[in-house]
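Bear in mind these aren't lab numbers, they're just calculated from the coordinates by the rules spelled out. As the structure is a prediction and not an experimental result, all values here were calculated from the model. Positions of Cβ are backbone-derived with ideal geometry, glycine not excepted, and every protein chain shown enters the neighbour counts.
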Amino acid sequence: MFKAVLTEAELLKNSIPIVAEIIDEGVFKVNQNGINLLSPDRAMVSVVDFKILSTAFESFTAESSLSLGLNLTHFVNVLKRVRSSDKLTLESAKDGNKLRISLEGNGKRVFEIPVLDVKEEKPPIDQLQFKGKIEIESEILENGIADAEVIGDSVVFEANPESFKMYAKGDVSSAELELRKNDSGLLKLEVTENIRARYPLEYLKKMIKAAKLSNQASLEFATDYPLKMQFKSIDKLHLGFILAPRVED
C-alpha cells in the first residue's frame, strides 16, 4: 500500500512540469524515505534527479518499495488542476495499474492515471568527479542564462579560486556575468584550479525554471565535463540535473 497526503500541493505542481520538459516518461520509486526519479532524456544529453521527501508530506505510508512508471504529460495535466488551497493525495490503486490523485478543497476531485511498463535507465552519475563547486543565488544564475540566450545557443562556465564567470560570444556580440569571491551573490566557491566548460542553452533554459523552487543553486563541473545543477527546498524537495558539455573542436 502507498498513500501520501500533501498539504503543500504546489511542491509537485511547480516541480513536475520542469521534469516533464526534459523527459516524457519515467519510473518514480517510492519507499519510506519519499518519492524519487532518476532518468536520462531520450537524447542522453541530460539526466533528471528528482526527490520529494516523506517529511514534505502531512502523512506518508509506503509499506513496501514501489515503482510507478508514469507518462509525465498525463501527470502534469492533472497537476494543472491543482488549486493553491487544495490538499493532494497520491495513492496506488488496488490493482496496482493506476495512480490515484485526489484533490480536496471545495469538494473532492479524483483522477486516475495509468501506471506504465517504462524501461528504466540507470545513469552512473555517482561516478562523476567534479573539480569545482559553486553556490549562487538562483536569480543571478537565471539572469546569466537569459543574458547568454540573447547572444547564442551555448554558454561557457568558467571558474578559478577567485571567481566564477559565465559568458556567451557571437560573431559580433557577447554577454558576460562575473562574480568574485567576496560578492554577496556568490555563496560558495570551492575551486582549486582553473576549470572551463561549454553547455547548451536549449537545456539550461529548461533547467533554470527550477529557480522558483529555491533561492540558491549549486553548480559542480570540471573542464569539458558534465555539469551538475541542483536546487533544494530543505526537508522537502530536491531537483537536480546532469548536463553533458558541448565539447569544442
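Assorted remarks:
- Charge dipole of the chain (Cα centre as origin; +1 on each Lys and Arg Cβ, -1 on each Asp and Glu Cβ, all else neutral): 860 debye, rounded to the nearest 20.
- Centre-to-centre, using Cα atoms only, segment 1-37 and segment 130-165 are separated by 28 Å.
- Legend: ranking of residues ASP95, ASP49 from fewest to most surrounding C-beta atoms inside 10 Å; resulting order ASP95, ASP49.
- If you take all other residues with their beta carbon under 10 Å from the beta carbon of ILE134, and give Lys and Arg +1 and Asp and Glu -1, the sum is -1.
- Each Lys and Arg Cβ is given +1 and each Asp and Glu Cβ -1; about its Cα centre, segment 2-114 then shows a dipole of about 300 debye.
- Taking other residues whose beta carbon is less than 14 angstrom from the beta carbon of PRO114, and scoring Lys, Arg as +1 and Asp, Glu as -1, yields -2.
- In the chain, a dipole from Cβ-located charges (positive for Lys and Arg, negative for Asp and Glu) runs towards its positive end, and of ILE134, LEU213, ALA43 it is LEU213 whose Cα lies farthest in that direction.
- Lys/Arg +1, Asp/Glu -1 at C-beta; segment 65-154 dipole; positive extreme among ASN77, ASN143, GLY105: GLY105
- Contact order normalised by residue count of segment 92-211, Cα under 8 Å, 6+ apart, percent: 24 percent
- Estimated 222 nm signal from helices in the chain, with DSSP H stretches of n ≥ 4 weighted -39500 (n - 2.57), rounded to 500: -5000 deg cm²/dmol
- Other residues within the sphere of radius under 13 Å centred on the Cβ of ASP147, judged by their own Cβ, net out at -2 (K and R +1, D and E -1).
- Using a cutoff of 8 angstrom between alpha carbon atoms and counting only pairs six or more residues apart, the relative contact order for the chain works out to 20 percent.
- Subset of LYS188/LYS228; LYS131/LYS181; LYS108/LYS209; LYS165/LYS188 violating a 20 Å alpha-carbon distance limit: LYS108/LYS209
- Ranked list, fewest to most other Cβ atoms within 10 Å of each Cβ, for LEU213, LEU237: LEU213, LEU237
- Span-like helix ranges in the chain, DSSP H, alpha carbon extent 18 angstrom or more, Kyte mean at least 0.5: 10-22
- Peptide ranges 80-89, 50-59 listed from the most packed, as the mean C-beta count within 10 angstrom indicates: 50-59, 80-89
- Structure-derived Cα extents along the principal axes in Å: which label, when the choices are (1) 58, 35, 32; (2) 57, 41, 37; (3) 49, 43, 41: (1)
- Segment 180-249 versus segment 71-97: alpha-carbon centroid distance in Å: 30 Å
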